[in-house]
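This report concerns only the one structure given below.
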């Protein structure tokens, strides 16, 4: 029996700073209803899907920062999304800012979860590769203060047993790092769900701004092919609070081919029938890890010295 | 002072089984003379540049196999190439089958070397990721017996101090593995020289044959961008002994952009001014390894268990 996961990449257009979570959730539900009409098993929303991308602002008051965080999941604002998905028997994943208490201390993570068709959270991932910077840098057109507002995830990459397969998650900047896909694949993932918020403008090297969309696809396509894995990359796109975010949300086959792609910078759903069994075309052959990898040679990869 | 290495990717067309090393070396010299006319500092030739790609045949007699190997480097057959390069003050790299004695035993490696402008071999690399299989598999249209005829390289990836920069090497199948580029970059390489012999037809998954050229560029472009490194990929191309080999030899900038590419399947030179200082555009910013990598998390990468 084929293991086909009908997957929808549910791109979101811009979210204004003033837009409520309830309003965003209503947009997410509209995309979910479309996905149901198209027979989806799984709908993938972007990173920090419930609010505007707040790390673009330097904020000094912790309360102003914490406003953008969720203290429980699910919570009241997202309950209608969970209910709708359960009613439609569709699984989904989405990113949010997570505020939690651990070891008597308040923690902030950039998190995403997978919810199964029964409405249960079956996988949680906390972003490992936090980009950006810690201090206010007023010379920038906008800030990218993820290293200030979040702690890095300390749990390894992993894959959930769900949708009759092994599904992993990564978030935004993680997708640029080949280690992300390799860790996921070595731990069995057959599909990686990756939400992102990616400005067109990169203040440190603006001469590469015209390459943002190319780099986005290059990393995800290489990660898919080199690991024989489906990759679902989903943007928050468009002009958000005067910051242009790239779109081109896409579904990538284990061959590295883009098989579905958004063509707008707004709320948009693209769908593909993802056959998880196709991973073996790659992983049993050209990238048979056991036959061909040389972990004993890769000493620099995990060295803290180099 | 800019560190510009004017680099020529010197693609070779097919080499017949009956063609002598002397004949191939004459072809390599013709490309080198063209490179000199174009101001090259460095000419990069493909993997196993001196003979036909012999692992496509199953041979039982060791003497028949060893016929394709070089017992010393340089040797009489390649001396004219070394002499010409020295006279022109051009550095070069090329691949060959290396037969050597170590610890009282005969060893066979798939090797490539970098020769500086003074004609000295300054770097030797032995292929780490050997593809293919060990036993004769007559069902295949042709064999790929690298795992039979060669031992895997046991020395780590490394970079030579040459051409006023740090230059590393990899060979053919190595370029498909993200670990290759990462190991090279973590060890300081600013440019990777990669020769290849890649059949269009892959017997284990012929349904991907039409993607060979795409996969070739995808891996090298991702490796270049994700490591902020120049990549020079050079094919032996064309119909060789009834086996079609891909071409599209190319030079790739640290942005991942292909900046020069061969447009034939024959002997062809393409040239680009490679500014080694451009690596910092990437490696000091988006891929600043020290700021953003998480080696403590990458435990699966070097685990022998997974």
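The values are calculated or read from the model by the stated rules, or taken from the named source; none is laboratory data. Computed from a prediction, not measured in an experiment: that's the story for all the values here. Note that we place each Cβ from the backbone using ideal geometry, even for glycine, and neighbour counts take in every protein chain shown.
Every test in (1) within 9 Å of chain B (Cβ to nearest Cβ); (2) under 18 Å from residue A:256 (Cα atoms); (3) buried (at least 24 other Cβ atoms within 10 Å of the Cβ) is passed by residue A:218 save one, and that test is (3).
Residue B:167 falls short of the stated requirement of being farther than 30 Å from residue B:294 by Cβ and modelled with pLDDT of 95 or more. Specify the residue that is farthest from the other protein chains (Cβ to nearest Cβ); the eligible residues are those in the range A:271-288 that are surrounded by fewer than 16 Cβ atoms within 10 Å (Cβ to Cβ) and assigned to a helix (DSSP H, G or I). The qualifying residue farthest from the other protein chains (Cβ to nearest Cβ) is A:277. Scanning the range B:41-64 for residues that are more than 25 Å from residue B:192 (Cα to Cα) and in contact with a helix residue (DSSP H, G or I) (Cβ under 6 Å, 6 or more places away or on another chain) turns up just one, B:59. Among residues that are within 13 Å of chain B (Cβ to nearest Cβ), more than 22 Å from residue A:160 (Cβ to Cβ), in contact (Cβ under 8 Å) with a residue 24 or more places away in the chain and part of a loop (DSSP other than H, G, I, E, B), residue A:302 is not included. With the structure loaded, tell me whether residue A:195 is in contact (Cβ under 8 Å) with a residue 24 or more places away in the chain, crowded, with 17+ Cβ neighbours inside 10 Å, part of a strand (DSSP E or B) and more than 14 Å from every other protein chain (Cβ to nearest Cβ) or whether it fails that test. Yes: the conditions hold for residue A:195. Each residue in the range A:123-146 was checked for being closer than 15 Å to residue A:109 by Cβ and either free of Cβ contacts under 8 Å to residues at least 40 places away in the same chain or more than 10 Å from chain B (Cβ to nearest Cβ) (or both), and 7 pass. What tally of residues in the range B:174-190 results from selecting those that are more than 14 Å from residue B:222 (Cβ to Cβ), out of contact with any helix residue (DSSP H, G or I) (no Cβ under 7 Å at 6 or more places or on another chain) and crowded, with 24+ Cβ neighbours inside 10 Å? Qualifying residue count for the region: 2.
Scanning the range B:20-40 for residues that are in contact with a helix residue (DSSP H, G or I) (Cβ under 9 Å, 6 or more places away or on another chain), farther than 16 Å from residue B:262 by Cβ and in a loop (DSSP other than H, G, I, E, B) yields a count of 0. Only one entry in A:58, A:92 is at pLDDT 95 or above and either over 24 Å from residue A:170 (Cβ atoms) or out of contact with any strand residue (DSSP E or B) (no Cβ under 9 Å at 6 or more places or on another chain) (or both), namely A:58. Of all the residues in the range A:241-258, those that are more than 18 Å from the chain's Cα centre (by Cα), outside any loop (DSSP other than H, G, I, E, B) and either surrounded by 21 or more Cβ atoms within 10 Å (Cβ to Cβ) or without any contact (Cβ under 8 Å) to a residue 60 or more places away in the chain (or both) number 1. Scanning the range B:147-188 for residues that are within 23 Å of residue B:133 (Cα to Cα), within 11 Å of chain A (Cβ to nearest Cβ) and not in a loop (DSSP other than H, G, I, E, B) gives B:147, B:173, B:174, B:175, B:176, B:178, B:179, B:180. Restricting attention to the range B:75-93, which residues are within 21 Å of residue B:196 (Cα to Cα) and in a loop (DSSP other than H, G, I, E, B)? The answer is B:78, and nothing else. The sole residue among B:143, B:221 that is assigned to a helix (DSSP H, G or I) and modelled with pLDDT of 95 or more is B:221.
Taking first residues from the range B:267-296 that are under 30 Å from residue B:50 (Cβ atoms) and partners that are modelled with pLDDT under 95, no Cβ contact under 7 Å between residues at least 6 apart in sequence or on separate chains turns up. Confirm whether residue B:201 is modelled with pLDDT of 95 or more, within 7 Å of chain A (Cβ to nearest Cβ) and in contact with a helix residue (DSSP H, G or I) (Cβ under 9 Å, 6 or more places away or on another chain). In short, no.
Residues in the range A:1-19 that are over 17 Å from the mean Cα position of the chain (by Cα), at pLDDT 95 or above and assigned to a loop (DSSP other than H, G, I, E, B): A:3, A:16, A:17, A:18, A:19.
Evaluated against (1) in a loop (DSSP other than H, G, I, E, B); (2) over 26 Å from residue B:299 (Cα atoms); (3) touching a helix residue (DSSP H, G or I) at 6+ places or on another chain (Cβ under 9 Å), residue B:266 falls short on exactly one condition, (3).
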